[in-house]
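Report on one structure; see the data block that follows.
The values are calculated or read from the model by the stated rules, or taken from the named source; none is laboratory data. Fair warning: this is a prediction, and the values are worked out from it, not measured in the lab. Here the Cβ positions follow ideal geometry from the backbone for every residue, glycine too, while neighbour counts run over all protein chains shown.
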Amino acid sequence: MARGRKPDPAALQDAKGNPGRRKAAPNSDQAGDVTPPPVKSTAPRYLKGTPLEIWNRIAPELVRMNLLRATDYNALAVYCQTVADYRAATGKLKNTSKVYWTDSNHGRLQRISPWFIVQQRLVKAMLDYEDRFGLNPAMRQRIQLQLAQTPAQLPLTSPEPDATPEQPRQGALGWLNPQGHA
């Protein structure tokens, strides 16, 4: 049985700093360590072709910036597929116009190309995913600012005290009789 007080978790020790200026012992094996495990940037098996190429270009950078977690794999895979679909729709529009003419009972009408509509919807989806992953400069700054302002949740913090103070008990032996009756 170990003697002395139980050592603080690594996160708490880091938050306290080192006021004694003594060399700190490594604490990575303590049970209170809250550092998430490293995330691999390997793509899901179902990504093939262009989406896989996009994954291999983006995922390592997101891991380096600490913005990719294992729970984000499917969302990033959908983003990669969306970018690949956008490229395909843009390729279809390269040799055609964004509008075309049709004849109907009401006369000659100009209509929007379905490929242009698909392309615009894919742009919207890509922008939404880029915001989630911090792939544009403005959102990256906002995400990093939020991470910096998030207070550290230390395991030994006590809840806030009750706002109403406890009323003093009557008499010298009031602690024996909580109702205050003698």
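Applying the criterion of being touching a residue at least 40 places away in the same chain (Cβ under 8 Å) and of a type in the set (Phe, Trp, Tyr) to the residues of the stretch 101-134, the residue that is farthest from Thr82 (Cα to Cα) is Phe133.
Close Cβ contacts (under 7 Å, 6 or more residues apart or on different chains) running from residues in the stretch 69-90 that are within 16 Å of Leu47 (Cα to Cα) to residues that are in a helix (DSSP H, G or I) and charged (D, E, K, R) comprise Ala75/Arg132. The residue that is modelled with the lowest pLDDT, counting only those in the stretch 146-164 that are under 20 Å from the mean Cα position of the chain (by Cα) and loosely packed, with under 10 Cβ neighbours inside 10 Å, is Gln153. Restricting attention to the stretch 58-106, the residues being among the acidic types (Asp, Glu), within 21 Å of Leu122 (Cβ to Cβ) and at pLDDT below 90 number 1.
Each residue in the stretch 1-29 was checked for being surrounded by 15 or more Cβ atoms within 10 Å (Cβ to Cβ) and either in contact with a Ser or Thr (Cβ under 6 Å, 6 or more places away or on another chain) or at pLDDT below 60 (or both), and 1 pass.
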